[in-house]
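To start, the structure under review is shown below, and the notes come after it.
The values are calculated or read from the model by the stated rules, or taken from the named source; none is laboratory data. Not measured: the values here are computed from a predicted model. Virtual Cβ from ideal backbone geometry, glycine too; neighbours counted across all protein chains shown.
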Amino acid sequence: MYAIVDIAGQQYKVEQAKKLKVHRLEAEEGKHVELDKVLLVSDGKTVSVGTPTVEGVRIAAKVLNHGKGDKVLVFKKKRRKGYQKMNGHRQYLTELWIEAILGKGEKFDASKSSAPKPKPVEAAAPKKVKKAEPKQETAEAKPAKKAAPKKAAAKKAAPKKK
């Protein structure tokens with residue numbers, strides 16, 4: 001089951017139990033929000049298209065965190081004029097966890113939510129270093145390699161004086 005929803009002027013395809021990054025929303029982290037501008041709903045068999053929205057259908061979501069997206073570089077240039085300008089920014093984003101797609105008359109119970117839970121931070125335990133034991137050689141092991149014969153270094157004769 002999926003839906004197309006309008007969030008902050010942009011359309012997103014949402015599915016239950018998926019994460020979604022959208023433009024910054026005015027909601028605190030950990031709070032539940034309901035999105036009611038649902039444009040299309042599909043359950044795999046039937047597709048309901050709204051005019052402009054589907055009546056009674058809502059999306060239940062939980063705000064996971066607020067943050068910034070990747071840096072977007074904006075480069076302007078005018079040919080043969082010597083004009084170049086580099087600019088950039090990082091967009092403010094909100095990460096949502098889509099908990100349910102609610103039909104007409106359905107209510108969402110936040111206590112039964114399957115939202116991802118933050119992992120507890122554990123103190124790093126010191127690692128024990130094991131000492132390497134020396135390898136014992138056996139007679140059946142690889143035979144020793146023969147040493148290559150050494151070449152005698154040739155002496156250079158000193159140049160004669162005149």
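Residues that are part of a strand (DSSP E or B) and loosely packed, with under 14 Cβ neighbours inside 10 Å are absent from segment 102-109.
The rows are residues; the columns are (1) closer than 14 Å to ILE101 by Cα; (2) part of a strand (DSSP E or B).
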{"position": "GLU34", "(1), (2)": "yes, yes"}
{"position": "LEU39", "(1), (2)": "yes, yes"}
{"position": "LYS45", "(1), (2)": "no, no"}
{"position": "SER48", "(1), (2)": "yes, yes"}
{"position": "THR51", "(1), (2)": "no, no"}
{"position": "VAL54", "(1), (2)": "yes, no"}
{"position": "ILE59", "(1), (2)": "yes, yes"}
{"position": "VAL63", "(1), (2)": "no, yes"}
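I want to confirm something. Restricting to segment 18-28 and keeping residues that are surrounded by 12 or more Cβ atoms within 10 Å (Cβ to Cβ) and in a loop (DSSP other than H, G, I, E, B), which single residue is nearest to the chain's Cα centre (by Cα)? Filtering first and then ranking leaves ARG24. Of all residue pairs spaced 6 or more apart or on separate chains, those with beta-carbon atoms under 8 Å, a first member in segment 74-100 that is part of a strand (DSSP E or B) and a second member that is surrounded by 12 or more Cβ atoms within 10 Å (Cβ to Cβ) and of a type in the set (Phe, Trp, Tyr) are GLU99/PHE108; ALA100/PHE108. Here GLY67 fulfils each of the conditions (1) surrounded by 12 or more Cβ atoms within 10 Å (Cβ to Cβ); (2) under 17 Å from GLU99 (Cα atoms); (3) touching a residue at least 12 places away in the same chain (Cβ under 8 Å) apart from (2). Within segment 39-56, none of the residues are under 13 Å from VAL5 (Cα atoms), touching a Gly at 6+ places or on another chain (Cβ under 7 Å), at pLDDT below 95 and β-branched (Val, Ile, Thr). LYS85 passes every criterion in (1) farther than 30 Å from VAL14 by Cβ; (2) out of contact with any strand residue (DSSP E or B) (no Cβ under 6 Å at 6 or more places or on another chain); (3) at pLDDT 80 or above; (4) not small (Gly, Ala, Ser) apart from (2).
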